[in-house]
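Report on one structure; see the data block that follows.
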Amino acid sequence: MEVTRYSSIPAFYADVESFLLSQEDRAGIMLGNSLRFKDKVWEEEQPFLATVKKDGEIVLAAMLIPPYALLLLEKDEAEGLAAVPHLIQYLIKEDYAIHKIMSPKAVGKAFSKEWTTAHQLEEKVLMDLRLYTLQSVIQPAARPGKLRKATQTDLTFLPQWILEMTEETNQLMTFAEAEEYAKDRVESEFLFIWEEDGRPVSMAAKTRPNIKGVSVNLVYTPRDLRGRGYASACVAMLSKYLLNEGFEFCTLYTDLANPTSNKIYQNIGYQPVSDFIELKFNQKSTESPV
């Protein structure tokens, strides 16, 4: 196997396009980055873009867009696992630092085992995830309310909702970052609100509109409003809206530690595709046990 490094996202995408599109649901984040950042010019740290090939065919793709996690994606698990040591050897040779990865679980765990051993690090699981795909919506039980696009007026509460959601999912933000995040998504018309009797009670967002598919994220209902079907209604109607826009399927990731969300998404038509994991690498603690 051999590692191929790419100098730009257009060069990378030209080589991996068919590899990604053949599994667009699993490749959604890497494909979305390829499309979103294709014209971006990096003034400082450059993206890391590479593939591992066997007999000229891609068996593993790797993408790191600063300051995010290294994304890994294989098509065949066995070949992907066999490719991991080759990628790690290349990264070590290039003295490339990796602090976080997001990957299909088996490949991610294999990468982590070798990377932490080579660098005397320890892994921390940030998110244990399952990817779901939906092609048609199973309408949940009818309830009062409606879906609407978020507006500037909603910025009075959306940053707080986003802050609370990221605290629950270990993806911490400052309040200022949450404000900017909310503002960007309202302006892009990607953020949606479920309201009942004129009161906002839940939210969800459109993200990564790719070739055939689109993703749903940022699903959140305040704690005191949970258990009433708001998230189910919000995600179902947003998914239907996105399919009506012309997308063939919707995807979303769930935290496997939250059985409630996994159940409600399946109840409205989302089917499990594969498991992913997000890991962070830390220095091993040198503190003596008490």
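Screening Asp224 on (1) over 30 Å from Leu72 (Cβ atoms); (2) assigned to a loop (DSSP other than H, G, I, E, B) shows it passes everything except condition (2). The set of residues from the range 95-125 being without any contact (Cβ under 8 Å) to a residue 12 or more places away in the chain and not hydrophobic (A, V, I, L, M, F, W, C) comprises Asp95, Lys113, Thr117.
Selection of the range 53-88 for residues being within 20 Å of Glu2 (Cβ to Cβ) and free of Cβ contacts under 8 Å to residues at least 24 places away in the same chain yields Asp55, Gly56, Glu57, Asp76, Ala78. Going through (1) surrounded by fewer than 20 Cβ atoms within 10 Å (Cβ to Cβ); (2) under 20 Å from Gln171 (Cβ atoms) one by one, Ala142 falls short only on (2).
Is there a residue in the range 164-174 that is within 19 Å of Met203 (Cβ to Cβ) and in contact with a Pro (Cβ under 6 Å, 6 or more places away or on another chain)? The answer is no, given that none of the residues of the range 164-174 is within 19 Å of Met203 (Cβ to Cβ) and in contact with a Pro (Cβ under 6 Å, 6 or more places away or on another chain).
Looking at Met30, Met1, which is the one that is surrounded by 13 or more Cβ atoms within 10 Å (Cβ to Cβ) and in contact (Cβ under 8 Å) with a residue 60 or more places away in the chain? Being surrounded by 13 or more Cβ atoms within 10 Å (Cβ to Cβ) and in contact (Cβ under 8 Å) with a residue 60 or more places away in the chain holds for just one of Met30, Met1, which is Met1. Is it the case that some residue within the range 248-259 is of a type outside the set (D, E, K, R), surrounded by fewer than 17 Cβ atoms within 10 Å (Cβ to Cβ), in the same structural domain as Phe190 (by TED's automatic domain parsing) and modelled with pLDDT of 95 or more? No, the range 248-259 contains no residue that is of a type outside the set (D, E, K, R), surrounded by fewer than 17 Cβ atoms within 10 Å (Cβ to Cβ), in the same structural domain as Phe190 (by TED's automatic domain parsing) and modelled with pLDDT of 95 or more.
The single condition among (1) aliphatic (A, V, I, L, M); (2) within 20 Å of Trp161 (Cβ to Cβ); (3) in a strand (DSSP E or B) that Ala233 does not satisfy is (3).
Quick one: is Glu196 out of contact with any strand residue (DSSP E or B) (no Cβ under 6 Å at 6 or more places or on another chain), closer than 27 Å to Glu17 by Cα and outside the structural domain of Glu17 (by TED's automatic domain parsing)?
Spelling it out, it is not the case that Glu196 is out of contact with any strand residue (DSSP E or B) (no Cβ under 6 Å at 6 or more places or on another chain), closer than 27 Å to Glu17 by Cα and outside the structural domain of Glu17 (by TED's automatic domain parsing).
The values are calculated or read from the model by the stated rules, or taken from the named source; none is laboratory data. On a predicted model such as this, the values are computed, not experimentally measured, just so you know. Every residue, glycine among them, receives a Cβ derived from its backbone with ideal geometry; neighbour counts consider all protein chains shown.
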